[in-house]
Amino acid sequence: MKRTPGAAAGLALAALLSTTGTPALAAVTAGSSAATAGSFAVTAGPSAVAAGSSAVRSEVPPINEAALKRSIAGLPAADATAAEVRVGGSAGSWRGVTGVTDLRTERPAREGARFRAGSVTKIFTVAVVLQLVAEGKVSLDGTVQEYLPGLLPADYPAITVGRLLNHTSGLPSPTNDGGFERVYATRFEKVTPEEYVGEAVKNPIEFEPGTRQHYLNTNTFVAGLLIEKITGKSYEHEVTTRILRPVGMRDSYLPGESIKIRGRHNHGYQVVPKGFPDAVKYGESYVVDMTETSVTSTWASGDLISTTADLEKFIKALFGGKVVPVAQIEPMFTVPKVTMYGGDQPAVYTSGLTRLELPGGIVAFGKTGARYGSATGVGATRDLSRTVVYSINSTDAKAAGQNERGLGIALAAFAEKAK
């Protein structure tokens with residue numbers, strides 16, 4: 001089997017919010033004394049407050065329509081061709097869409113288009129595992145080796161399901177060969193989950209399980225295989241019947257081996273150098289169309305296709321205790337007290353989500369995802385006073401630079417109006 005791309009580069013929203021000094025930050029927070037670069041921090045635990053920040057707040061400001069409009073203004077632009085934002089909750093709502101559905105026809109983008117949600121898929125995978133925990137079929141203290149014998153090398157240490165879900169397992173990722181050129185050349189190739197994990201575990205364990213955190217797709221691939229082993233049915237069947245249908249997510253689905261997006265959707269593009277195969281001129285740059293592509297290399301970590309309305313339904317149902325029973329949901333709001341792999345920064349991920357501290361001390365939980373041509377974010381305060389979902393047809397969704405547009409939207413959703 002050819003080596004597959006490594007973990008998806010869809011950064012958690014916490015990573016966006018720890019970015020400082022970006023143009024998006026200045027543009028969106030103009031006039032808001034609370035929302036400054038220095039006030040952003042990601043806390044290490046559910047009750048902690050970052051040094052230098054104010055006390056944790058539960059109330060959210062009224063909708064700042066002007067800030068939200070600015071956050072998606074000017075599309076199509078160099079960084080993105082279209083965007084859709086949906087903000088809701090008890091403190092007000094707002095919806096907006098800008099840009100074009102594709103560069104060839106330049107038809108205006110419209111609300112309700114489907115998109116590839118990338119690593120937002122991980123929330124669904126974790127939620128199904130926690131449902132199985134609630135049903136007594138899986139234990140968070142049980143090990144991968146017990147549930148999936150033979151999947152991991154014999155010399156690997158015991159890895160519990162709980163550590164799998166919160167990315168403290170120590171599992172490695174597959175070795176990457178080549179950059180985007182290889183991704184583009186192999187974009188229609190298919191890989192099975194077993195092949196993906198098999199490639200990953202050719203590498204040694206990264207650290208003793210439970211001692212560090214490293215956000216990797218391998219963890220959610222193994223969780224997907226666990227779901228299939230325990231239920232005797234496909235991962236796609238379980239997510240569909242346990243979450244998508246009960247929540248009423250009628251426009252969402254898992255594509256399996258299909259390379260297409262069904263129904264109305266915006267095209268997604270990736271910026272490339274001049275002379276790249278199939279490239280077309282776009283402003284001062286060149287792009288290739290990445291709308292059609294295999295997502296088997298991300299599977300239970302990143303293959304969901306959805307809409308902003310559907311993801312809003314989901315986050316409300318999840319936080320409202322209608323997806324995972326209240327008795328089992330706490331891991332989704334708990335950050336392990338360890339440091340990130342390869343550094344001294346405190347962990348930022350929960351099981352499936354990320355804990356964020358926003359301007360003025362407001363705490364929210366969310367997740368971002370990125371596929372080439374598509375960047376997605378979903379998040380909410382735990383009391384659902386504010387929910388945010390966005391889809392951006394980013395021209396460089398997996399690069400650090402794509403953070404600015406998503407950062408701008410996230411800040412605008414919680415920005416106070418200028419006095």
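The values are calculated or read from the model by the stated rules, or taken from the named source; none is laboratory data. This structure is a prediction, so every number in the text was calculated from the model and none was measured. In this analysis, Cβ positions are derived from the backbone assuming ideal geometry, glycine residues included, and neighbour counts consider all displayed protein chains. Only protein heavy atoms, including side chains, enter the accessible area calculation; ligands, DNA and RNA are left aside. Shrake-Rupley method; radii C 1.70, N 1.55, O 1.52, S 1.80 Å.
Brief remarks on what is shown
- With q set to 0.10, 0.14, 0.19, 0.20 Å⁻¹, the log10 of I(q)/I(0) for region 83-232, from the Debye formula over equal scatterers at the Cα positions, is -0.51, -0.84, -1.12, -1.19.
- Percent RCO, i.e. relative contact order, over region 96-228, from Cα pairs under 8 Å lying at least 6 residues apart: 27 percent
- Relative contact order (percent, whole number), region 319-371, Cα cutoff 8 Å, 6+ residue spacing: 24 percent
- Taking every protein chain into account, the accessible area of region 188-327 amounts to 42 square angstrom per residue (probe 1.4 Å).
- The order of the peptides 89-100, 405-416 by mean Cβ neighbours within 10 Å, most packed first, is 405-416, 89-100.
- Within the full protein context, the accessible area of TYR253 is estimated at about 20 Å² for a probe radius of 1.4 Å.
- Loop GluC sites (Glu not before Pro), region 269-363 (other Cβ atoms within 10 Å of the site Cβ: 16 or fewer; DSSP): GLU284, GLU292
- Sequence-distant residues sharing a close amide H with ILE259 (under 5 Å, placed H): none
- Ligands, DNA and RNA left out, the 1.4 Å accessible surface of region 298-412 is 54% carbon and sulfur atoms.
- Remark: region 157-312 is approximated by an ellipsoid whose semi-axes, taken from the C-alpha gyration tensor as √(5λ), come to 29, 23, 14 Å, largest first.
- Normalising the Debye intensity of region 230-369 to I(0), with uniform scatterers on Cα atoms only, and taking log10 at q = 0.08, 0.12, 0.20 Å⁻¹ returns -0.33, -0.72, -1.26.
- Over all other residues within a Cβ to Cβ distance under 13 Å of HIS237, the charged ones net out to 0, with Lys and Arg as +1 and Asp and Glu as -1.
- Backbone phi angles across region 354-359, fed through the Karplus curve with coefficients 6.51, -1.76 and 1.60 (θ = phi - 60°), yield HN-Hα couplings of 9, 8, 10, 10, 9, x Hz in residue order; Gly and Pro are listed as x.
- Computed accessible area, LYS260, all protein chains, 1.4 angstrom probe, square angstrom: 110 Å²
- Solvent-accessible area assigned to carbon and sulfur over region 160-264 amounts to 48 percent, based on a 1.4 Å probe.
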